[in-house]
Amino acid sequence: MLAGQGLMGTTAPVSAGLLTDLEACTGALTAFRAGDARPIVEEFARAARFAAVTGTRLVDELAAQLEADRERLAGVRRHALAWRILPLLVGQPIVNAAHLREVLGVPAMSAQRALAQLTEAGVLQEATGRSRNRVWQHRGILAVLDGCAELVRRST
């Protein structure tokens, strides 16, 4: 609701907080069905706190990755396509040239050149080992996302 009203740019993953204690969530729902709203309100509050803490941590770690990537690209001219790709990697850390052509509306050779620059700078790693239909990944962003997923799993 807050995001829909433009009051909040991102939303915390409250569902992840609810999943950390399914037994408590189920018990709260049962109590709610029986007419007691207090347990479900408390569960949502706990889940929202969990989401805020883990969401803040996730955003901070992703921002740190991007800052490190900007430093790696220091030798690349500022108007190069690689700079436009960099923020897209947070939402799509595994890419190929076709995806970049579609999303950015650039020619195939431009996408390939930008992927080469990002690879040379150490931002991306080619994952397939093939000469055609190659895929690149941002291992740092994937590690951050895996770490967040592990944190949620450890909490359950």
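The values are calculated or read from the model by the stated rules, or taken from the named source; none is laboratory data. Everything numeric here is computed off the predicted structure, so don't read it as measured data. Neighbour counts are summed over all protein chains in view; Cβ atoms, including those assigned to glycine, are modelled from backbone coordinates with ideal geometry.
Residues that are buried (at least 19 other Cβ atoms within 10 Å of the Cβ) and in a helix (DSSP H, G or I) within the range 87-99 comprise L89, A97, listed in sequence order. With respect to the conditions (1) surrounded by 13 or more Cβ atoms within 10 Å (Cβ to Cβ); (2) farther than 20 Å from V59 by Cα, V144 falls short on a single one, namely (2).
Report the residue count in the range 21-59 for those that are assigned to a loop (DSSP other than H, G, I, E, B) and either charged (D, E, K, R) or surrounded by 14 or more Cβ atoms within 10 Å (Cβ to Cβ) (or both).
In the first step, residues of the range 21-59 are kept if they are assigned to a loop (DSSP other than H, G, I, E, B); the result is 21, 34-37.
From what's left, either charged (D, E, K, R) or surrounded by 14 or more Cβ atoms within 10 Å (Cβ to Cβ) (or both): 21, 36.
Result for the range 21-59: 2.
Scanning the range 128-138 for residues that are at pLDDT 95 or above and either touching a Lys or Arg at 6+ places or on another chain (Cβ under 8 Å) or in a loop (DSSP other than H, G, I, E, B) (or both) returns V135, H138. Applying the condition of being free of Cβ contacts under 8 Å to residues at least 24 places away in the same chain and of a type in the set (A, V, I, L, M) to the range 71-92 and asking which residue is nearest to V135 (Cα to Cα) yields L88.
Restricting attention to the range 74-83, and to residues there that are at pLDDT 95 or above and out of contact with any Ser or Thr (no Cβ under 9 Å at 6 or more places or on another chain), which single residue is surrounded by the fewest Cβ atoms within 10 Å (Cβ to Cβ)? Lay out the reasoning, then the answer.
Step one: filter the range 74-83 for residues at pLDDT 95 or above, giving 81-83.
From what's left, out of contact with any Ser or Thr (no Cβ under 9 Å at 6 or more places or on another chain): 82-83.
Numbers: A82: 23, W83: 17.
Looking at the filtered set, the residue picked out is W83.
A residue that is touching a residue at least 24 places away in the same chain (Cβ under 8 Å) and out of contact with any helix residue (DSSP H, G or I) (no Cβ under 8 Å at 6 or more places or on another chain) occurs somewhere in the range 93-116. Figure legend. Inter-residue proximity from the range 39-64: first residues polar (S, T, N, Q), second residues part of a helix (DSSP H, G or I) and loosely packed, with under 14 Cβ neighbours inside 10 Å, beta-carbon distance below 9 Å, spacing 6+ or different chains. Indicated pairs: T54/S155.
Name the one entry in R101, R57 that is of a type in the set (D, E, K, R) and more than 18 Å from P13 (Cβ to Cβ).
On the way: R57 fails: more than 18 Å from P13 (Cβ to Cβ).
From the options R101, R57, the qualifying one is R101.
Out of A149, A68, I need the residue that is on the phi < 0 side of the Ramachandran plot, free of Cβ contacts under 8 Å to residues at least 12 places away in the same chain and loosely packed, with under 14 Cβ neighbours inside 10 Å. Which one? Can you show your working first?
Details: A68 fails: free of Cβ contacts under 8 Å to residues at least 12 places away in the same chain.
Testing whether each residue is on the phi < 0 side of the Ramachandran plot, free of Cβ contacts under 8 Å to residues at least 12 places away in the same chain and loosely packed, with under 14 Cβ neighbours inside 10 Å leaves just A149.
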